[in-house]
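> The structure that follows is given in the form of structure tokens.
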Amino acid sequence: MNGTAVNPSVSDGYEIPRGRLVEHLRGHYKIADERVLAAMNTVPRHLFVHDAMRSQAYKDNALPIAGGQTISQPYIVARMTELLELKGRERVLEIGSGSGYQTAVLALVARKVFAVERLDVLAAEAKARLLKIGFRNISYKTADGTEGWPVYAPFDAMLVAAGGPEIPKPLVEQLEIGGRLVIPVGSEPKSQILVRVTRTEKGFDTENCGPCSFVPLIGQHGWK
């Protein structure tokens with residue numbers, strides 16, 4: 001990990017359930033990227049959910065947050081991060097930062113994260129939470145994520161944490177040659193296929209990475 005934020009040696013009382021979750025990701029789901037697993041074993045997920053749900057924070061399921069949104073299932077966070085194949089030097093664009101949990105995981109395995117969230121209340125809470133925990137390699141923006149963040153493009157990697165009817169054209173245009181975009185895509189607002197797009201010198205390679213279910217991607221290049 002890049003060492004820019006949280007200290008995994010600080011006791012918070014959740015080390016055992018967090019460790020069990022990581023072993024579940026490793027053993028059951030075959031998540032193999034040790035940097036991703038280390039990040040999942042470091043980020044205090046219980047700080048990203050409502051106080052009443054802290055006892056459920058390290059179970060492998062999505063949980064509700066403000067604005068009718070969710071904090072993603074730990075498995076899908078690990079899976080999407082692993083698909084980006086980050087080595088620690090990348091600049092990553094994240095669309096739909098929500099609670100900031102996925103943002104935190106990305107910030108530990110990349111050099112810089114550019115987080116875009118559509119809902120003001122979520123964006124403000126996530127920024128305050130991440131700064132309090134100690135992250136200093138994240139830039140924040142409240143905007144329509146389907147437009148990307150052109151002023152900082154091109155990006156080495158992109159992760160979209162909401163499902164759209166198609167891959168937003170502005171995002172692939174802001175992707176570096178050799179860069180990867182991971183996004184849920186589907187004709188139904190809450191049922192998608194997880195897709196990885198790799199930009200090449202000749203165009204784009206697209207891979208089907210299996211079914212998934214996300215909240216709808218709202219925006220100019222998503223669901224209206």
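The values are calculated or read from the model by the stated rules, or taken from the named source; none is laboratory data. All values derive from a computational prediction rather than experimental measurement. Using ideal geometry, Cβ is built from the backbone for each residue, glycine included, and neighbour counts are taken over all protein chains shown. For accessibility, only protein heavy atoms count, side chains too; no ligands or nucleic acids. Shrake-Rupley method; radii C 1.70, N 1.55, O 1.52, S 1.80 Å.
> Under the condition of being part of a helix (DSSP H, G or I) and without any contact (Cβ under 8 Å) to a residue 60 or more places away in the chain, which residue from the range 144-164 is surrounded by the fewest Cβ atoms within 10 Å (Cβ to Cβ)? Break it down into steps so the answer makes sense when it comes.
Of the residues in the range 144-164, the ones part of a helix (DSSP H, G or I) are 145-147, 150-152.
Those still in the list that are without any contact (Cβ under 8 Å) to a residue 60 or more places away in the chain too: 150-151.
Values: Pro150: 10, Val151: 7.
Result: Val151.
> In the range 134-166, what count of residues is obtained for those that are within 13 Å of Ala104 (Cα to Cα) and among the acidic types (Asp, Glu)?
Result for the range 134-166: 0.
> Now for a separate question. Suppose we filter the range 116-139 for residues that are surrounded by 21 or more Cβ atoms within 10 Å (Cβ to Cβ) and closer than 22 Å to Leu175 by Cβ; how many remain?
The qualifying residues number 4.
> Sticking with this structure for a sec: Please specify each residue of the range 100-113 satisfying the condition of being surrounded by 24 or more Cβ atoms within 10 Å (Cβ to Cβ) and not in a helix (DSSP H, G or I).
The answer is Gly100, Ala110, Val113.
> Restricting to the range 171-188, and then to whatever is charged (D, E, K, R) and loosely packed, with under 15 Cβ neighbours inside 10 Å, can you tell me which residue is nearest to Arg79 (Cα to Cα)?
Restricting attention to the range 171-188, the residues satisfying the condition of being charged (D, E, K, R) are 173, 176, 180, 188.
Still in the running and loosely packed, with under 15 Cβ neighbours inside 10 Å: 173, 188.
Values: Glu173: 24, Glu188: 22 Å.
The qualifying residue nearest to Arg79 (Cα to Cα) is Glu188.
> Right, next: Quick one: which residue in Ile167, Ile193 is open to solvent by less than 70 Å² (accessible area, probe 1.4 Å) and part of a loop (DSSP other than H, G, I, E, B)?
On the way: Ile193 fails: part of a loop (DSSP other than H, G, I, E, B).
None of the other options fit; the residue is Ile167.
> Moving on to the next point. Residues Gly13, Gly96: which one is touching a residue at least 40 places away in the same chain (Cβ under 8 Å) and at positive phi?
Numbers: Gly13 fails: touching a residue at least 40 places away in the same chain (Cβ under 8 Å).
Of the residues listed, the single one that is touching a residue at least 40 places away in the same chain (Cβ under 8 Å) and at positive phi is Gly96.
> Let me ask you something else. So, Asn61, is that one within 17 Å of Gly13 (Cβ to Cβ) and either open to solvent by 40 Å² or more (accessible area, probe 1.4 Å) or not small (Gly, Ala, Ser) (or both) or not?
No; evaluated as a whole, the condition is false for this residue.
> Further question: For the range 75-99, name all the residues that are assigned to a helix (DSSP H, G or I) and either among the aliphatic types (A, V, I, L, M) or open to solvent by 20 Å² or more (accessible area, probe 1.4 Å) (or both). Lay out the reasoning, then the answer.
At the first step, the residues of the range 75-99 found to be assigned to a helix (DSSP H, G or I) are 75-83.
Listed by number, the residues that qualify are Tyr75, Ile76, Val77, Ala78, Arg79, Met80, Glu82, Leu83.
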